[in-house]
Amino acid sequence: MGFKLHQLKPAEGATHKEKRVGRGIGSGHGKTSTRGHKGQKSRRGYGDLPAFFEGGQTPFIMRIPKRGFKNPNTVEYEIVNIKTLEERFDSGAEITPEVLYEKGIIKCTKNVKILGDGELTKSLTVKAHKFSRSAVEKIEKAGGKVEVISKESAQAEE
């Protein structure tokens, strides 16, 4: 036989009668309309307060100490050492931020800096955004090449 749309009803107990406040003492929700007597919660507009409001007490964010300065223009680099390149790459390899990312050495290809910790015996072509002086010396001493990726060329590729 099946159901018809006009015969459908919500499950037992799923619906509740609307609470009608301010409709006289006989309703049980008259006079103070379930808000009690006096106080901030009994007044109109109480629900419009922001979540961080603490009843006029000094807010938490103003009570905690604040120190120092965070420069919004600082550039953070993904750091890779020479010893990592020595371990993970074969001689003659071309190393770019994308290759380092694919191998899981760095988490982001945006700003990569090569540092000179460790020794290099392989001839590598390394492309990065920045190099330390010792890293450049070690790469060139091993017979490799260093190429600095400029910000302009990186933006043009995207």
Item checked: Coordinate range along principal axes, alpha carbons of the chain, Å, largest first -> 96, 65, 30
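What accessible area per residue, rounded to a whole number of Å², is obtained for region 26-143 using a probe radius of 1.4 Å?
On the way: 8730 Å² over 118 residues.
Accessible surface, normalised per residue, equals 74 Å².
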Next item on the list: Taking the dipole about the Cα centre of the chain, with the C-beta of Lys and Arg at +1 and of Asp and Glu at -1, give me whichever of HIS6, SER134, VAL146 is farthest to the positive side.
Entry: HIS6
Checklist line | Principal axes of region 2-92: Cα extent on each, largest first, Å | finding: 89, 59, 19
Note to self: What's the magnitude of the charge dipole for the chain around its Cα centre, counting Lys and Arg as +1 and Asp and Glu as -1 at the beta-carbon? Answer in Debye, nearest 20.
What the structure shows: 2080
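State the percentage of accessible surface on the chain attributable to carbon and sulfur atoms; use a 1.4 Å probe and exclude ligands, DNA and RNA.
Details: 6620 of 13020 Å².
For the chain, the apolar C and S fraction of the accessible surface comes to 51 percent.
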Checklist line | Cα shape, region 66-105, gyration tensor, a/c 1.5 rule | finding: prolate
Notebook entry, point to check: Under 24 Å Cα-Cα from LYS103, which lysines qualify once same-chain neighbours fewer than 8 residues away are excluded?
Noted result: LYS83, LYS113, LYS122, LYS127, LYS130, LYS138, LYS145, LYS151
Note to self: With n ≥ 4 as the cut-off for DSSP H runs, can you work out [θ] at 222 nm for the chain, using -39500 (n - 2.57) per run divided by the number of residues, rounded to the nearest 500?
What the structure shows: -5000 deg cm²/dmol
Next item on the list: Considering the options ILE25, GLY68, PRO97, tell which one lies farthest towards the positive end of the dipole of the chain, charges being +1 on Lys and Arg and -1 on Asp and Glu at the Cβ, about the Cα centre.
Entry: ILE25
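Considering only DSSP beta bridges whose two residues both sit in region 29-158, what percent are antiparallel, to the nearest 5? Could the numbers behind the result be given before it?
Values: 0 of 12 bridges.
About 0 percent, rounded to the nearest 5.
The values are calculated or read from the model by the stated rules, or taken from the named source; none is laboratory data. None of these values were measured; they are calculated from a predicted model. Glycine also receives a Cβ, built like all others from the backbone with ideal geometry; neighbour counts cover every protein chain displayed. SASA here: full protein model, heavy atoms, side chains in, ligands and nucleic acids out. Shrake-Rupley method; radii C 1.70, N 1.55, O 1.52, S 1.80 Å.
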